[in-house]
Amino acid sequence: MRTPFLLLVLVMAWAQPLSASESDPWEGWNRKVDAFNQFGDRWVVKPVATAYEFITPQIVDDGVTNMYRNIREPITIINDLLQLKIKKAGVDTGRLLLNSTVGLLGFFDVASKAGLQRQPEDFGQTLGTWGVPPGPYVVLPLIGPSNVRDAFSLVPDSFSNPIAYIDQEWVRYSTVAGYYLDLRANALDVEELVTGDEYVFVRDAYLQDREYQVKDGAVEDDFGDEDF
């Protein structure tokens, strides 16, 4: 169901001029989608994430986060190669092999302790590296902040995500749900950083962070480099 929506976003990007604002011409629509997402988060996602964080021992919580990051390493490796970052592709391949074996399927991030630091890449960053502009800011239903380039990039990245190749549907969907639950639980501690208009704060943080990631830290960034 995600692909038709992303295609619609692309058509909107080409058909509609950037009249309201250079980065957020669809603010009215985006705020409605954001309100929908916030409603679901307030009444469903956040309570579940809060309960998960409360009952889960820290070592297990950290281990689950590490495992999901390890699962997504192939996405990083493929995009390393697409960006011609050959040395980095070697480092990230080493991370995947080391964490998948010594790290017990990624539960322990032994690669970072060995000096192989995590630096995620995705197809949106690849397109940005090769000069494709981000396009207008867009809030995706259930997913949240994005832009036209990054929304489109969800499709090719899904083909390099090992989760997509799990045969049993209930296992695949449960794994995806667990991934987003882990993301939301990890975000609980940073909610207090949000000030003023939450929509504007999140939008500006997202746009700045994505520029930081695309340019490999060559721009000033106030929000860190963590993408979970």
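Within region 126-166, how many residues turn out to be surrounded by fewer than 16 Cβ atoms within 10 Å (Cβ to Cβ), among the small types (Gly, Ala, Ser) and in a loop (DSSP other than H, G, I, E, B)?
Here the count works out to 1.
When region 53-72 is examined, which residues are found to be without any contact (Cβ under 8 Å) to a residue 24 or more places away in the chain and in a helix (DSSP H, G or I)?
If the condition is that a residue be without any contact (Cβ under 8 Å) to a residue 24 or more places away in the chain and in a helix (DSSP H, G or I), then Phe54, Ile55, Gln58, Ile59, Val60, Asp62 are the ones that fit.
Yes/no matrix, rows are residues, columns are (1) within 16 Å of the chain's Cα centre (by Cα); (2) buried (at least 17 other Cβ atoms within 10 Å of the Cβ):
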residue	(1), (2)
Ile71	yes, yes
Ile75	yes, yes
Asn79	yes, yes
Lys87	no, no
Leu96	no, yes
Glu121	yes, yes
Gly124	yes, yes
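Among the residues of region 204-220, how many are farther than 14 Å from Gly128 by Cβ and within 14 Å of the chain's Cα centre (by Cα)?
1
Just need a number here: residues in region 7-38 that are modelled with pLDDT of 95 or more and part of a loop (DSSP other than H, G, I, E, B).
Counting residues in region 7-38 that are modelled with pLDDT of 95 or more and part of a loop (DSSP other than H, G, I, E, B) gives 3.
Counting only residues that are closer than 23 Å to Arg149 by Cβ and either among the hydroxyl-bearing types (Ser, Thr, Tyr) or part of a loop (DSSP other than H, G, I, E, B) (or both), how many does region 75-117 have? It would help to see each step written out before you state the result.
Initial filter on region 75-117 (closer than 23 Å to Arg149 by Cβ): 75-85, 88-89, 92.
So of that shortlist, the ones also either among the hydroxyl-bearing types (Ser, Thr, Tyr) or part of a loop (DSSP other than H, G, I, E, B) (or both) come out as 76, 83-85.
Residues in region 75-117 being closer than 23 Å to Arg149 by Cβ and either among the hydroxyl-bearing types (Ser, Thr, Tyr) or part of a loop (DSSP other than H, G, I, E, B) (or both): 4 in total.
Confirm whether Gly128 is out of contact with any Cys (no Cβ under 6 Å at 6 or more places or on another chain), under 29 Å from Asp34 (Cα atoms) and touching a residue at least 40 places away in the same chain (Cβ under 8 Å).
For Gly128, the condition - out of contact with any Cys (no Cβ under 6 Å at 6 or more places or on another chain), under 29 Å from Asp34 (Cα atoms) and touching a residue at least 40 places away in the same chain (Cβ under 8 Å) - is met.
The values are calculated or read from the model by the stated rules, or taken from the named source; none is laboratory data. This is a predicted model, so every value here is computed, not measured. No Cβ is skipped: glycine too gets one built from the backbone with ideal geometry, and neighbour counts run over all protein chains shown.
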